[in-house]
Amino acid sequence: MSATEPEDARRAALAAFEAEGCGAPRTWRNGPGDRYARHAHPYHKVLFCLEGSIVFHTDGGDIALEPGGRLDLPAGTPHAATVGPDGCVCIEASR
């Protein structure tokens with residue numbers, strides 16, 4: 001991946017958040033193999049993977065994200081997540 005690709009993905013995510021009227025975005029990162037236990041949010045979550053990979057585990061099946069991938073989780077959707085072997089950097093906002 002070139003040095004500009006994550007920045008291009010970030011710009012695209014920010015444009016989508018703005019176009020969709022999302023709240024203020026936040027960027028976060030995790031190390032290889034990190035896990036999030038099953039939980040839910042009281043808001044619609046819009047998330048883009050900027051670097052690395054992450055798999056979200058939902059009742060409807062697994063959703064694997066790589067750079068540029070998008071996840072929409074309606075409010076109250078139970079999910080867990082497992083970070084890929086190279087870690088991940090994601091940006092998310094609520095809608």
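Residues in segment 72-95 include none that are free of Cβ contacts under 8 Å to residues at least 24 places away in the same chain, within 17 Å of residue 35 (Cα to Cα) and among the charged types (D, E, K, R).
Looking across segment 42-58, just one residue is polar (S, T, N, Q) and either in contact (Cβ under 8 Å) with a residue 24 or more places away in the chain or not in a strand (DSSP E or B) (or both), and that is 53.
Cβ separations smaller than 7 Å between residues 6+ apart or across chains give the following pairs from segment 7-33 residues that are closer than 21 Å to residue 52 by Cβ to residues that are assigned to a helix (DSSP H, G or I): 25/14; 25/17.
Each row is one residue, and each column tells you yes or no for (1) within 23 Å of residue 86 (Cα to Cα); (2) surrounded by 11 or more Cβ atoms within 10 Å (Cβ to Cβ); (3) not aromatic (Phe, Trp, Tyr).
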site: 12; (1), (2), (3): yes, yes, yes
site: 27; (1), (2), (3): yes, yes, yes
site: 48; (1), (2), (3): yes, yes, no
site: 59; (1), (2), (3): no, no, yes
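Within segment 64-95, being over 11 Å from the mean Cα position of the chain (by Cα), buried (at least 16 other Cβ atoms within 10 Å of the Cβ) and within 15 Å of residue 31 (Cα to Cα) holds for 82, 84, 87.
Bear in mind these aren't lab numbers, they're just calculated from the coordinates by the rules spelled out. On a predicted model such as this, the values are computed, not experimentally measured, just so you know. Using ideal geometry, Cβ is built from the backbone for each residue, glycine included, and neighbour counts are taken over all protein chains shown.
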